[in-house]
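Undergrad: What follows is a structure written as C-alpha coordinates; I'll ask about it next.
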Amino acid sequence: MNPDAASAAGAAANGGAFLAVNSFAEWREAARELLRAGVPPEAVTWTRPGADDLFSGATPSAGPPDSAAIPSSQTKAAPHLPRSLMEMLQRAACFRDPDRWAFLYRVVWRWTQGEHDVQSPADPDGGRLHAMVKAVRREEHDMHAYIRFRERPVDAGPPRFVAWFEPRHDVLPQVAEHFVARMGKVSWMIATPEASVLWDGATLHNTGPLMSSAADLDDAGEALWLTYYRSIFNPARVNAQLMQSHIPARFWKNLPEGAIVPSLVSQAELGARKIGQVQAVGAKRGATTIPISAEKAQPEREQPSKLDECRRCELWQYATQAVPGEGSKRAPIMIVGEQPGDQEDLAGKPFVGPAGKLLDQVFAQAGVDRKTIYLTNAVKHFKWEPRGKRRLHKTPVQREIEACHYWLEKELAAVKPKVIVAMGATALKSVMRKGTVALKDFLGKPVRVDGCWVVTIYHPSYVLRVPDESSKHEAFSVMVKGLKLAHELLERPDLPDPA
(Lines give C-alpha, C1' and ligand atoms only; values in the text may rest on other atoms or scores of the structure.)
Protein backbone atom coordinates (compact mmCIF):
# COMPACT_ATOMS: atom_id res chain seq x y z
CA MET A 1 0.00 0.00 0.00
CA ASN A 2 1.29 3.44 -0.94
CA PRO A 3 1.71 5.51 2.28
CA ASP A 4 0.55 8.73 0.61
CA ALA A 5 -2.50 7.07 -0.92
CA ALA A 6 -3.42 5.34 2.36
CA SER A 7 -3.01 8.55 4.37
CA ALA A 8 -5.07 10.51 1.86
CA ALA A 9 -7.77 7.82 1.88
CA GLY A 10 -7.87 7.97 5.65
CA ALA A 11 -7.98 11.75 5.68
CA ALA A 12 -10.68 11.82 2.98
CA ALA A 13 -12.76 9.28 4.88
CA ASN A 14 -12.64 11.62 7.86
CA GLY A 15 -13.50 14.82 6.07
CA GLY A 16 -11.33 15.53 2.99
CA ALA A 17 -7.78 15.45 1.65
CA PHE A 18 -5.38 16.76 -0.97
CA LEU A 19 -3.60 14.16 -3.06
CA ALA A 20 -0.69 14.88 -5.44
CA VAL A 21 -0.09 12.52 -8.38
CA ASN A 22 2.09 12.86 -11.43
CA SER A 23 1.34 9.75 -13.51
CA PHE A 24 -1.42 7.33 -14.36
CA ALA A 25 0.21 4.60 -12.27
CA GLU A 26 0.23 6.85 -9.18
CA TRP A 27 -3.37 7.90 -9.82
CA ARG A 28 -4.53 4.29 -10.26
CA GLU A 29 -2.99 3.20 -6.96
CA ALA A 30 -4.42 6.20 -5.12
CA ALA A 31 -7.85 5.72 -6.71
CA ARG A 32 -7.88 2.05 -5.67
CA GLU A 33 -7.28 2.97 -2.01
CA LEU A 34 -9.89 5.73 -2.11
CA LEU A 35 -12.50 3.40 -3.60
CA ARG A 36 -11.74 0.73 -1.00
CA ALA A 37 -12.33 3.35 1.68
CA GLY A 38 -15.57 4.46 0.01
CA VAL A 39 -14.33 8.03 -0.46
CA PRO A 40 -16.59 10.08 -2.81
CA PRO A 41 -15.05 12.35 -5.48
CA GLU A 42 -16.03 15.56 -3.71
CA ALA A 43 -13.95 14.59 -0.65
CA VAL A 44 -10.63 14.63 -2.56
CA THR A 45 -8.70 17.47 -4.17
CA TRP A 46 -6.20 16.23 -6.75
CA THR A 47 -3.06 18.29 -7.38
CA ARG A 48 0.33 17.96 -9.06
CA PRO A 49 3.46 17.35 -6.97
CA GLY A 50 4.93 20.72 -6.02
CA ALA A 51 1.89 22.64 -7.25
CA ASP A 52 1.05 25.80 -5.31
CA ASP A 53 -2.50 25.69 -4.06
CA LEU A 54 -4.31 28.16 -1.80
CA PHE A 55 -5.54 25.33 0.44
CA SER A 56 -2.70 22.85 -0.04
CA GLY A 57 -1.67 23.07 3.60
CA ALA A 58 -5.13 22.57 5.01
CA THR A 59 -5.05 18.78 5.15
CA PRO A 60 -1.71 17.00 4.72
CA SER A 61 -1.79 14.03 2.35
CA ALA A 62 1.65 12.61 3.09
CA GLY A 63 2.97 10.68 6.05
CA PRO A 64 2.85 7.14 7.39
CA PRO A 65 -0.42 5.28 6.95
CA ASP A 66 -2.65 5.23 9.99
CA SER A 67 -4.44 1.90 10.24
CA ALA A 68 -7.10 3.52 12.39
CA ALA A 69 -7.69 6.32 9.90
CA ILE A 70 -9.97 4.18 7.74
CA PRO A 71 -12.70 2.43 9.73
CA SER A 72 -12.76 -1.30 8.93
CA SER A 73 -16.50 -1.09 8.33
CA GLN A 74 -15.83 1.28 5.43
CA THR A 75 -13.06 -0.82 3.81
CA LYS A 76 -14.16 -2.66 0.68
CA ALA A 77 -12.56 -5.08 -1.72
CA ALA A 78 -10.49 -3.57 -4.51
CA PRO A 79 -12.85 -2.70 -7.38
CA HIS A 80 -12.65 -4.50 -10.72
CA LEU A 81 -13.06 -2.37 -13.84
CA PRO A 82 -13.54 -3.72 -17.37
CA ARG A 83 -10.46 -3.69 -19.58
CA SER A 84 -12.09 -1.39 -22.14
CA LEU A 85 -12.72 1.26 -19.48
CA MET A 86 -9.18 0.96 -18.08
CA GLU A 87 -7.73 1.46 -21.56
CA MET A 88 -9.85 4.58 -22.02
CA LEU A 89 -8.83 5.93 -18.62
CA GLN A 90 -5.14 5.34 -19.35
CA ARG A 91 -5.35 7.14 -22.68
CA ALA A 92 -7.46 9.98 -21.27
CA ALA A 93 -4.85 10.46 -18.53
CA CYS A 94 -2.54 11.79 -21.27
CA PHE A 95 -4.96 14.65 -21.96
CA ARG A 96 -3.56 17.87 -20.56
CA ASP A 97 -6.20 19.27 -18.26
CA PRO A 98 -5.60 20.44 -14.67
CA ASP A 99 -8.84 18.67 -13.70
CA ARG A 100 -8.05 15.33 -15.37
CA TRP A 101 -7.28 13.28 -12.24
CA ALA A 102 -10.41 14.46 -10.45
CA PHE A 103 -12.50 13.80 -13.55
CA LEU A 104 -11.11 10.29 -14.01
CA TYR A 105 -11.79 9.47 -10.37
CA ARG A 106 -15.39 10.69 -10.79
CA VAL A 107 -15.76 8.32 -13.75
CA VAL A 108 -14.53 5.25 -11.84
CA TRP A 109 -16.54 6.24 -8.78
CA ARG A 110 -19.73 6.35 -10.81
CA TRP A 111 -18.90 2.99 -12.41
CA THR A 112 -18.39 1.32 -9.02
CA GLN A 113 -21.74 2.79 -7.91
CA GLY A 114 -23.45 0.93 -10.74
CA GLU A 115 -23.69 3.86 -13.17
CA HIS A 116 -22.25 1.98 -16.15
CA ASP A 117 -23.65 4.57 -18.57
CA VAL A 118 -20.63 6.68 -17.62
CA GLN A 119 -18.73 4.86 -20.36
CA SER A 120 -21.29 5.83 -23.00
CA PRO A 121 -20.72 8.87 -25.28
CA ALA A 122 -24.34 9.86 -24.57
CA ASP A 123 -23.52 10.47 -20.89
CA PRO A 124 -22.03 13.94 -20.11
CA ASP A 125 -18.99 12.43 -18.36
CA GLY A 126 -18.81 9.61 -20.91
CA GLY A 127 -18.91 12.11 -23.75
CA ARG A 128 -16.05 14.07 -22.21
CA LEU A 129 -14.06 10.85 -21.67
CA HIS A 130 -14.50 9.84 -25.31
CA ALA A 131 -13.49 13.32 -26.47
CA MET A 132 -10.31 13.18 -24.38
CA VAL A 133 -9.42 9.74 -25.76
CA LYS A 134 -10.05 10.94 -29.32
CA ALA A 135 -7.86 14.02 -28.84
CA VAL A 136 -5.00 11.91 -27.43
CA ARG A 137 -5.25 9.40 -30.28
CA ARG A 138 -5.17 12.27 -32.76
CA GLU A 139 -2.08 13.72 -31.12
CA GLU A 140 -0.34 10.34 -31.27
CA HIS A 141 -1.17 10.10 -34.98
CA ASP A 142 0.06 13.65 -35.64
CA MET A 143 3.30 12.98 -33.79
CA HIS A 144 3.88 9.82 -35.86
CA ALA A 145 3.20 11.76 -39.05
CA TYR A 146 4.93 15.10 -38.46
CA ILE A 147 8.05 14.25 -36.48
CA ARG A 148 11.10 15.00 -38.62
CA PHE A 149 14.36 13.41 -37.56
CA ARG A 150 17.54 15.33 -38.37
CA GLU A 151 20.67 13.29 -38.93
CA ARG A 152 23.73 14.21 -36.91
CA PRO A 153 27.34 13.73 -38.10
CA VAL A 154 28.76 10.30 -37.33
CA ASP A 155 31.71 11.82 -35.46
CA ALA A 156 29.31 13.66 -33.15
CA GLY A 157 28.43 10.38 -31.47
CA PRO A 158 24.94 9.18 -30.48
CA PRO A 159 22.14 9.90 -30.90
CA ARG A 160 22.39 9.59 -34.68
CA PHE A 161 18.97 11.18 -35.29
CA VAL A 162 17.29 13.97 -33.32
CA ALA A 163 13.78 15.39 -33.54
CA TRP A 164 11.89 18.23 -31.88
CA PHE A 165 8.12 18.24 -31.34
CA GLU A 166 5.63 20.26 -29.31
CA PRO A 167 2.76 17.92 -28.39
CA ARG A 168 -0.48 19.23 -26.96
CA HIS A 169 -0.88 16.18 -24.75
CA ASP A 170 1.40 13.82 -22.82
CA VAL A 171 1.83 11.22 -25.56
CA LEU A 172 5.64 11.05 -25.71
CA PRO A 173 6.02 7.64 -23.94
CA GLN A 174 3.73 5.71 -26.29
CA VAL A 175 5.02 7.55 -29.35
CA ALA A 176 8.55 6.61 -28.31
CA GLU A 177 7.54 2.92 -28.27
CA HIS A 178 6.21 3.38 -31.80
CA PHE A 179 9.60 4.56 -33.05
CA VAL A 180 11.50 1.92 -31.05
CA ALA A 181 9.60 -0.72 -33.02
CA ARG A 182 10.38 0.94 -36.34
CA MET A 183 13.89 2.32 -36.22
CA GLY A 184 15.74 -0.81 -35.18
CA LYS A 185 19.07 -0.37 -33.45
CA VAL A 186 19.77 3.15 -34.74
CA SER A 187 20.12 5.64 -31.86
CA TRP A 188 17.75 8.61 -31.76
CA MET A 189 16.24 11.23 -29.50
CA ILE A 190 12.87 13.00 -29.43
CA ALA A 191 12.86 16.26 -27.47
CA THR A 192 9.79 18.21 -26.34
CA PRO A 193 9.38 21.27 -24.11
CA GLU A 194 8.39 19.05 -21.16
CA ALA A 195 10.47 15.88 -21.54
CA SER A 196 12.83 13.90 -23.78
CA VAL A 197 13.31 10.26 -24.72
CA LEU A 198 16.56 8.69 -25.95
CA TRP A 199 16.95 5.31 -27.64
CA ASP A 200 20.49 3.90 -27.60
CA GLY A 201 19.64 0.92 -29.79
CA ALA A 202 18.76 -1.34 -26.87
CA THR A 203 17.22 0.72 -24.04
CA LEU A 204 14.76 3.60 -23.96
CA HIS A 205 15.72 6.41 -21.58
CA ASN A 206 13.26 9.01 -20.28
CA THR A 207 14.54 12.32 -19.03
CA GLY A 208 13.63 15.96 -18.63
CA PRO A 209 13.76 18.61 -21.36
CA LEU A 210 17.12 18.71 -23.18
CA MET A 211 16.34 21.29 -25.87
CA SER A 212 14.55 24.61 -25.94
CA SER A 213 13.35 24.64 -29.57
CA ALA A 214 13.90 23.24 -33.06
CA ALA A 215 16.59 25.88 -33.51
CA ASP A 216 18.89 23.68 -31.42
CA LEU A 217 18.93 21.12 -34.26
CA ASP A 218 21.63 21.19 -36.90
CA ASP A 219 21.27 19.09 -40.05
CA ALA A 220 23.82 19.40 -42.81
CA GLY A 221 21.47 17.69 -45.24
CA GLU A 222 18.60 20.12 -44.67
CA ALA A 223 19.89 22.60 -47.27
CA LEU A 224 19.88 19.81 -49.87
CA TRP A 225 16.32 18.89 -48.92
CA LEU A 226 15.15 22.49 -49.26
CA THR A 227 16.79 22.77 -52.67
CA TYR A 228 14.96 19.61 -53.74
CA TYR A 229 11.66 20.86 -52.28
CA ARG A 230 11.94 24.12 -54.21
CA SER A 231 12.62 22.22 -57.44
CA ILE A 232 9.51 20.01 -57.14
CA PHE A 233 7.19 22.77 -55.91
CA ASN A 234 4.64 23.38 -58.68
CA PRO A 235 3.16 26.89 -58.37
CA ALA A 236 0.57 26.10 -61.04
CA ARG A 237 -1.08 23.54 -58.76
CA VAL A 238 -0.63 25.11 -55.34
CA ASN A 239 -3.72 25.27 -53.11
CA ALA A 240 -2.92 27.04 -49.85
CA GLN A 241 -6.22 26.13 -48.17
CA LEU A 242 -5.76 22.46 -49.02
CA MET A 243 -2.19 22.52 -47.66
CA GLN A 244 -3.43 24.00 -44.39
CA SER A 245 -6.20 21.42 -44.08
CA HIS A 246 -3.76 18.54 -44.68
CA ILE A 247 -1.11 19.83 -42.28
CA PRO A 248 -2.29 22.04 -39.37
CA ALA A 249 -0.49 25.36 -39.06
CA ARG A 250 1.15 24.47 -35.74
CA PHE A 251 3.24 21.74 -37.41
CA TRP A 252 4.64 23.85 -40.24
CA LYS A 253 7.03 25.81 -38.06
CA ASN A 254 9.02 22.68 -37.12
CA LEU A 255 9.06 21.13 -40.60
CA PRO A 256 12.22 21.97 -42.61
CA GLU A 257 10.17 23.12 -45.59
CA GLY A 258 8.05 25.33 -43.33
CA ALA A 259 10.68 28.07 -43.63
CA ILE A 260 10.27 28.42 -47.41
CA VAL A 261 6.62 27.48 -48.03
CA PRO A 262 5.21 30.99 -47.26
CA SER A 263 7.47 32.62 -49.85
CA LEU A 264 6.73 29.90 -52.43
CA VAL A 265 2.98 30.32 -51.89
CA SER A 266 3.36 34.11 -52.11
CA GLN A 267 5.23 33.83 -55.41
CA ALA A 268 2.48 31.59 -56.75
CA GLU A 269 -0.16 34.17 -55.80
CA LEU A 270 1.86 36.89 -57.56
CA GLY A 271 1.87 35.09 -60.89
CA ALA A 272 4.32 32.21 -60.69
CA ARG A 273 1.47 29.72 -61.18
CA LYS A 274 1.36 30.74 -64.85
CA ILE A 275 4.07 28.17 -65.41
CA GLY A 276 4.36 24.67 -64.07
CA GLN A 277 8.05 24.86 -63.17
CA VAL A 278 10.31 26.82 -60.93
CA GLN A 279 11.17 30.24 -62.34
CA ALA A 280 14.69 29.28 -63.44
CA VAL A 281 13.33 26.46 -65.60
CA GLY A 282 10.28 28.27 -66.89
CA ALA A 283 12.35 31.21 -68.12
CA LYS A 284 14.26 29.05 -70.60
CA ARG A 285 13.01 29.02 -74.20
CA GLY A 286 13.46 26.39 -76.85
CA ALA A 287 14.44 23.77 -74.29
CA THR A 288 14.77 20.23 -75.62
CA THR A 289 13.65 17.23 -73.60
CA ILE A 290 16.55 14.85 -73.09
CA PRO A 291 15.48 11.25 -72.42
CA ILE A 292 17.13 9.75 -69.37
CA SER A 293 16.42 6.63 -67.35
CA ALA A 294 14.85 6.99 -63.92
CA GLU A 295 17.84 5.28 -62.32
CA LYS A 296 20.35 7.72 -63.87
CA ALA A 297 18.15 10.69 -62.93
CA GLN A 298 18.56 9.96 -59.23
CA PRO A 299 20.90 12.35 -57.40
CA GLU A 300 24.13 10.90 -56.07
CA ARG A 301 23.76 10.04 -52.41
CA GLU A 302 26.03 8.49 -49.86
CA GLN A 303 24.96 4.87 -49.56
CA PRO A 304 24.32 3.37 -46.09
CA SER A 305 27.22 1.40 -44.66
CA LYS A 306 25.18 -0.55 -42.10
CA LEU A 307 22.07 -2.59 -42.80
CA ASP A 308 20.32 -1.24 -39.69
CA GLU A 309 20.64 2.27 -41.13
CA CYS A 310 19.11 1.39 -44.51
CA ARG A 311 16.37 3.76 -45.67
CA ARG A 312 16.40 2.80 -49.36
CA CYS A 313 12.69 1.92 -49.23
CA GLU A 314 9.89 2.40 -46.70
CA LEU A 315 9.84 -1.15 -45.28
CA TRP A 316 12.24 -0.26 -42.43
CA GLN A 317 9.51 1.87 -40.82
CA TYR A 318 7.31 -1.13 -40.07
CA ALA A 319 9.85 -3.87 -39.33
CA THR A 320 11.38 -4.58 -35.93
CA GLN A 321 14.85 -4.76 -37.41
CA ALA A 322 16.77 -5.63 -40.55
CA VAL A 323 17.68 -9.32 -40.88
CA PRO A 324 21.11 -9.94 -42.44
CA GLY A 325 22.31 -13.15 -44.04
CA GLU A 326 23.95 -15.87 -41.94
CA GLY A 327 26.41 -18.68 -42.60
CA SER A 328 29.92 -19.45 -43.76
CA LYS A 329 31.65 -16.42 -45.29
CA ARG A 330 33.25 -18.74 -47.87
CA ALA A 331 30.24 -20.92 -48.55
CA PRO A 332 30.22 -22.35 -52.10
CA ILE A 333 26.40 -22.25 -52.13
CA MET A 334 24.26 -19.23 -51.22
CA ILE A 335 20.53 -19.77 -50.69
CA VAL A 336 18.38 -16.67 -51.26
CA GLY A 337 14.84 -16.54 -49.90
CA GLU A 338 12.18 -13.86 -50.21
CA GLN A 339 12.15 -11.87 -46.96
CA PRO A 340 12.20 -12.43 -43.17
CA GLY A 341 9.01 -13.75 -41.61
CA ASP A 342 7.40 -12.74 -38.33
CA GLN A 343 9.72 -14.84 -36.15
CA GLU A 344 12.82 -13.85 -38.15
CA ASP A 345 11.86 -10.18 -37.75
CA LEU A 346 11.76 -10.57 -33.98
CA ALA A 347 14.89 -12.75 -33.70
CA GLY A 348 17.03 -10.89 -36.24
CA LYS A 349 18.12 -14.17 -37.88
CA PRO A 350 17.05 -15.79 -41.17
CA PHE A 351 14.98 -18.97 -41.39
CA VAL A 352 14.25 -19.61 -37.70
CA GLY A 353 10.46 -19.93 -38.10
CA PRO A 354 8.26 -22.64 -39.67
CA ALA A 355 9.84 -22.13 -43.12
CA GLY A 356 13.28 -22.59 -41.58
CA LYS A 357 12.26 -25.84 -39.89
CA LEU A 358 10.98 -27.22 -43.21
CA LEU A 359 14.20 -26.09 -44.90
CA ASP A 360 16.14 -28.12 -42.32
CA GLN A 361 14.14 -31.18 -43.42
CA VAL A 362 15.07 -30.44 -47.04
CA PHE A 363 18.74 -30.20 -46.04
CA ALA A 364 18.51 -33.57 -44.29
CA GLN A 365 16.87 -35.26 -47.30
CA ALA A 366 19.46 -33.77 -49.68
CA GLY A 367 22.37 -34.67 -47.41
CA VAL A 368 23.42 -31.05 -47.00
CA ASP A 369 24.97 -29.57 -43.85
CA ARG A 370 23.30 -26.22 -43.09
CA LYS A 371 26.56 -24.92 -41.62
CA THR A 372 28.20 -25.06 -45.06
CA ILE A 373 25.49 -22.89 -46.64
CA TYR A 374 25.09 -19.11 -46.60
CA LEU A 375 21.42 -18.22 -46.00
CA THR A 376 19.96 -14.82 -46.81
CA ASN A 377 16.90 -13.07 -48.25
CA ALA A 378 16.34 -10.84 -51.26
CA VAL A 379 14.55 -8.30 -49.01
CA LYS A 380 15.97 -7.65 -45.56
CA HIS A 381 12.94 -6.15 -43.79
CA PHE A 382 9.69 -7.96 -42.96
CA LYS A 383 6.77 -6.66 -45.04
CA TRP A 384 3.45 -7.42 -43.40
CA GLU A 385 -0.16 -6.38 -42.95
CA PRO A 386 -2.22 -6.62 -39.72
CA ARG A 387 -4.85 -9.32 -39.37
CA GLY A 388 -6.31 -9.08 -35.89
CA LYS A 389 -3.37 -9.50 -33.52
CA ARG A 390 -1.25 -11.27 -36.16
CA ARG A 391 1.24 -9.90 -38.68
CA LEU A 392 0.68 -11.61 -42.00
CA HIS A 393 3.32 -11.80 -44.73
CA LYS A 394 2.88 -9.46 -47.70
CA THR A 395 4.84 -9.99 -50.92
CA PRO A 396 7.43 -7.25 -51.66
CA VAL A 397 6.92 -5.25 -54.86
CA GLN A 398 9.61 -4.83 -57.51
CA ARG A 399 10.83 -1.41 -56.33
CA GLU A 400 11.42 -2.87 -52.85
CA ILE A 401 13.28 -5.83 -54.36
CA GLU A 402 15.43 -3.45 -56.41
CA ALA A 403 16.13 -1.21 -53.42
CA CYS A 404 17.35 -4.18 -51.35
CA HIS A 405 19.47 -5.68 -54.14
CA TYR A 406 22.19 -3.27 -52.97
CA TRP A 407 22.66 -5.47 -49.87
CA LEU A 408 22.46 -8.75 -51.79
CA GLU A 409 25.24 -7.53 -54.09
CA LYS A 410 27.40 -6.84 -51.03
CA GLU A 411 26.80 -10.37 -49.75
CA LEU A 412 27.57 -11.90 -53.14
CA ALA A 413 30.81 -9.89 -53.37
CA ALA A 414 31.86 -10.96 -49.86
CA VAL A 415 30.92 -14.67 -50.02
CA LYS A 416 31.64 -15.28 -53.74
CA PRO A 417 29.44 -18.40 -54.04
CA LYS A 418 29.76 -20.69 -57.03
CA VAL A 419 26.05 -21.56 -56.96
CA ILE A 420 23.03 -19.47 -55.94
CA VAL A 421 19.80 -21.25 -55.00
CA ALA A 422 16.84 -18.91 -55.53
CA MET A 423 13.86 -19.96 -53.42
CA GLY A 424 10.66 -18.56 -54.88
CA ALA A 425 9.74 -15.86 -57.40
CA THR A 426 10.92 -12.87 -55.37
CA ALA A 427 14.39 -14.33 -54.89
CA LEU A 428 14.57 -15.23 -58.60
CA LYS A 429 13.60 -11.68 -59.64
CA SER A 430 16.29 -10.25 -57.38
CA VAL A 431 19.03 -12.61 -58.56
CA MET A 432 18.12 -12.20 -62.26
CA ARG A 433 17.51 -8.43 -61.90
CA LYS A 434 14.28 -8.82 -63.89
CA GLY A 435 10.74 -8.23 -62.68
CA THR A 436 9.16 -10.33 -65.42
CA VAL A 437 10.75 -13.74 -64.83
CA ALA A 438 8.40 -16.63 -63.98
CA LEU A 439 9.30 -19.29 -61.43
CA LYS A 440 7.87 -22.17 -63.52
CA ASP A 441 10.27 -21.38 -66.39
CA PHE A 442 13.38 -21.96 -64.24
CA LEU A 443 12.50 -24.85 -61.91
CA GLY A 444 15.11 -27.58 -62.41
CA LYS A 445 16.90 -25.58 -65.12
CA PRO A 446 20.24 -24.09 -63.97
CA VAL A 447 21.34 -20.88 -65.70
CA ARG A 448 24.46 -18.74 -65.66
CA VAL A 449 24.22 -15.21 -64.19
CA ASP A 450 27.38 -13.11 -63.94
CA GLY A 451 29.59 -16.21 -63.99
CA CYS A 452 27.59 -17.96 -61.25
CA TRP A 453 25.18 -20.88 -61.53
CA VAL A 454 21.60 -20.14 -60.43
CA VAL A 455 19.29 -23.00 -59.41
CA THR A 456 15.62 -22.26 -58.76
CA ILE A 457 13.42 -24.11 -56.25
CA TYR A 458 10.21 -23.47 -54.35
CA HIS A 459 10.23 -21.41 -51.18
CA PRO A 460 9.54 -23.46 -48.01
CA SER A 461 6.47 -21.31 -47.24
CA TYR A 462 4.92 -22.50 -50.53
CA VAL A 463 5.27 -26.11 -49.40
CA LEU A 464 3.63 -25.21 -46.09
CA ARG A 465 0.70 -23.54 -47.87
CA VAL A 466 -0.05 -26.32 -50.37
CA PRO A 467 -3.39 -27.83 -49.27
CA ASP A 468 -3.19 -31.45 -50.50
CA GLU A 469 -0.51 -33.94 -49.50
CA SER A 470 0.42 -35.04 -53.01
CA SER A 471 1.22 -31.48 -54.13
CA LYS A 472 3.06 -30.85 -50.90
CA HIS A 473 5.19 -33.97 -51.45
CA GLU A 474 5.92 -32.94 -55.05
CA ALA A 475 7.00 -29.41 -54.06
CA PHE A 476 9.19 -30.82 -51.28
CA SER A 477 10.79 -33.19 -53.80
CA VAL A 478 11.56 -30.27 -56.15
CA MET A 479 13.41 -28.52 -53.32
CA VAL A 480 15.46 -31.63 -52.49
CA LYS A 481 16.37 -32.22 -56.14
CA GLY A 482 17.34 -28.57 -56.51
CA LEU A 483 19.79 -28.71 -53.62
CA LYS A 484 21.29 -31.93 -54.95
CA LEU A 485 21.67 -30.26 -58.36
CA ALA A 486 23.42 -27.29 -56.73
CA HIS A 487 26.01 -29.67 -55.24
CA GLU A 488 26.47 -31.42 -58.58
CA LEU A 489 27.22 -28.05 -60.21
CA LEU A 490 30.01 -27.50 -57.69
CA GLU A 491 31.72 -30.60 -59.02
CA ARG A 492 31.00 -29.75 -62.67
CA PRO A 493 31.47 -25.96 -62.96
CA ASP A 494 32.04 -26.26 -66.70
CA LEU A 495 28.55 -27.71 -67.31
CA PRO A 496 27.16 -25.87 -70.37
CA ASP A 497 24.26 -23.48 -70.01
CA PRO A 498 21.10 -25.39 -71.04
CA ALA A 499 19.65 -22.20 -72.53
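Undergrad: Compute the signed sum of charges (Lys and Arg +1, Asp and Glu -1) over the other residues within less than 12 Å, Cβ to Cβ, of residue 186. Kindly include the intermediate steps, with their values, before the conclusion.
TA: Working: positive: 152, 160, 182, 185, 306, 311; negative: 151, 200, 308, 309.
That sum, taken over residues with Cβ under 12 Å, equals +2.
Undergrad: Is the shape of the stretch 352-499 rounded, prolate or oblate, going by the alpha carbon gyration tensor and its root eigenvalues a ≥ b ≥ c, with a/c under 1.5 for rounded and a/b larger than b/c for prolate? Present the calculation step by step, with values, prior to reporting the outcome.
TA: Values: a/c = 1.61, a/b = 1.19, b/c = 1.36.
It is oblate, given that a/c is not under 1.5 and a/b is not larger than b/c.
Undergrad: Could you sort 357, 410, 134, 383 by their accessible area in this structure, using a 1.4 Å probe and putting the largest first? Please report the intermediate quantities before stating the final value.
TA: Working: 357 125, 410 100, 134 150, 383 25 Å².
Ranked from most to least accessible, the order is 134, 357, 410, 383.
Undergrad: Show the residues, 5+ positions off or on another chain, whose built amide H is closer than 5 Å to the amide H of residue 453.
TA: Distant-sequence amide H within range of residue 453: 420.
Undergrad: With charges set only on the Cβ (+1 for Lys and Arg, -1 for Asp and Glu), what does the dipole of the stretch 399-499 come to about its Cα centre, in debye to the nearest 20?
TA: Details: 15 positive and 13 negative charges, 22 e Å.
Roughly 100 debye, rounded to the nearest 20.
Undergrad: Then there is this: Given charges of +1 on the Cβ of Lys and Arg and -1 on the Cβ of Asp and Glu, with all other atoms neutral, how large is the dipole of the stretch 321-422 about its Cα centre, in debye to the nearest 20?
TA: Details: 17 positive and 12 negative charges, 26 e Å.
I would put it at about 120 debye.
Undergrad: Turning to a different aspect of this structure: Around residue 110, with a cut-off of 11 angstrom between Cβ atoms, what is the net charge of the other residues, counting Lys and Arg +1 and Asp and Glu -1? Intermediate results must be reported in sequence, preceding the final value.
TA: On the way: positive: 106; negative: 115, 117, 123, 125.
Result for the local shell: -3.
Undergrad: Right, another one. I need the calculated FRET efficiency for the pair residue 394 and residue 42, taking r as the beta carbon distance and R₀ as 41 Å, to the nearest 0.05. The partial results should precede the final answer.
TA: Working: r = 54 Å, r/R0 = 1.31.
According to the calculation, E is roughly 0.15.
Undergrad: Same structure again: Around residue 86, what is the net charge, scoring Lys/Arg as +1 and Asp/Glu as -1 over all other residues with Cβ under 13 Å from its Cβ? Walk me through the intermediate numbers first.
TA: Values: positive: 28, 32, 83, 91; negative: 87.
It works out to a net charge of +3.
Undergrad: Something else about it: Name the long-range amide H neighbours of residue 164: under 5 Å, sequence gap of 5 or more, or other chain; modelled H, no Pro or chain starts.
TA: 148, 191
Undergrad: With +1 on the Cβ of every Lys and Arg and -1 on the Cβ of every Asp and Glu, and nothing else charged, how large is the dipole of the stretch 311-368 about its Cα centre, in debye rounded to the nearest 20?
TA: Details: 6 positive and 7 negative charges, 61 e Å.
That gives the stretch 311-368 a dipole magnitude of about 300 debye.
Undergrad: In addition: Sorting check: for 137-146, 330-339, 22-31, which peptide has the highest mean count of neighbouring beta carbons within 10 Å, and how do the rest follow? Display every interim value, and only then the final one.
TA: Values: 137-146: 16.0, 330-339: 23.5, 22-31: 18.3.
Top of the packing list down: 330-339, 22-31, 137-146.
Undergrad: Once Lys and Arg get +1 and Asp and Glu get -1 on their Cβ, which of 412, 460, 444 lies farthest toward the positive end of the dipole of the stretch 403-490?
TA: The Cα lying farthest towards the positive end belongs to 412.
Undergrad: Going by a ≥ b ≥ c, the root eigenvalues of the Cα gyration tensor, does the stretch 304-353 fall in the rounded group (a/c under 1.5), the prolate group (a/b larger than b/c) or the oblate group?
TA: Working: a/c = 2.19, a/b = 1.37, b/c = 1.60.
Here the stretch 304-353 falls in the oblate category.
The values are calculated or read from the model by the stated rules, or taken from the named source; none is laboratory data. Computed from a prediction, not measured in an experiment: that's the story for all the values here. Here Cβ is always computed from backbone atoms with ideal geometry, including for glycine, and neighbour counts include all displayed protein chains. When the accessible area is computed, the model is the full protein with side chains, heavy atoms only, and any ligands, DNA or RNA have been set aside. Shrake-Rupley method; radii C 1.70, N 1.55, O 1.52, S 1.80 Å.
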